[in-house]
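A.B. asks: There's a structure below that I have some questions on.
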Amino acid sequence: MLHIINQFPIDLGTLKKTASGDTVVFTNNAVLAVKRDTQDNNSFINKTFAHINLCVLKTDLKLIGISTRELLHGVAILDEQDFRNMTHDSMAIRSSN
C-alpha cells in the first residue's frame, strides 16, 4: 500500500497502519520526519521505519531547505514524475493530512 503523509509531526497512529513492504511518501513539511537528528539519536526512528520504504519529494526538500546528506539512510528521493507514476500504479493509497 502507498501512504502519503504531509503533516509534521507525524501521528504515530498513521505509522501503525503500515505493513511490512508498504511505501510511505513524505510530502510538504512531513519531510522533516526523515531528517537525521543532529544529536545522532536515530535508533528509535530507524527501528520504526525499518519495515517500510521511505520516500520524499525532491521539490519539498528544496522548499524546506533540507539537503540529501541530512536524510536518514535509505530514504528515496522522488521527482514529480516518479511520484505521479507511483500514485498511478498503486492499487491502494492512504493519505494522512
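A.B. asks: Which of the residues belonging to the stretch 31-54 are touching a helix residue (DSSP H, G or I) at 6+ places or on another chain (Cβ under 8 Å) and either of a type in the set (Lys, Arg) or at pLDDT 90 or above (or both)?
C.D. replies: Val31, Leu32, Lys35, Arg36, Leu54
A.B. asks: Only residues that are within 23 Å of Leu12 (Cα to Cα), within 12 Å of the chain's Cα centre (by Cα) and either charged (D, E, K, R) or not in a loop (DSSP other than H, G, I, E, B) (or both): list them for the stretch 49-94, please.
C.D. replies: Matches in the stretch 49-94: Phe49, Asn53, Leu54, Cys55, Val56, Leu57, Asp60, Leu61, Leu71, Ala76, Ile77.
The values are calculated or read from the model by the stated rules, or taken from the named source; none is laboratory data. Small disclaimer: the values here were computed from a predicted structure and weren't measured. Cβ: placed from backbone, ideal geometry, glycine included. Neighbour counts: every protein chain shown.
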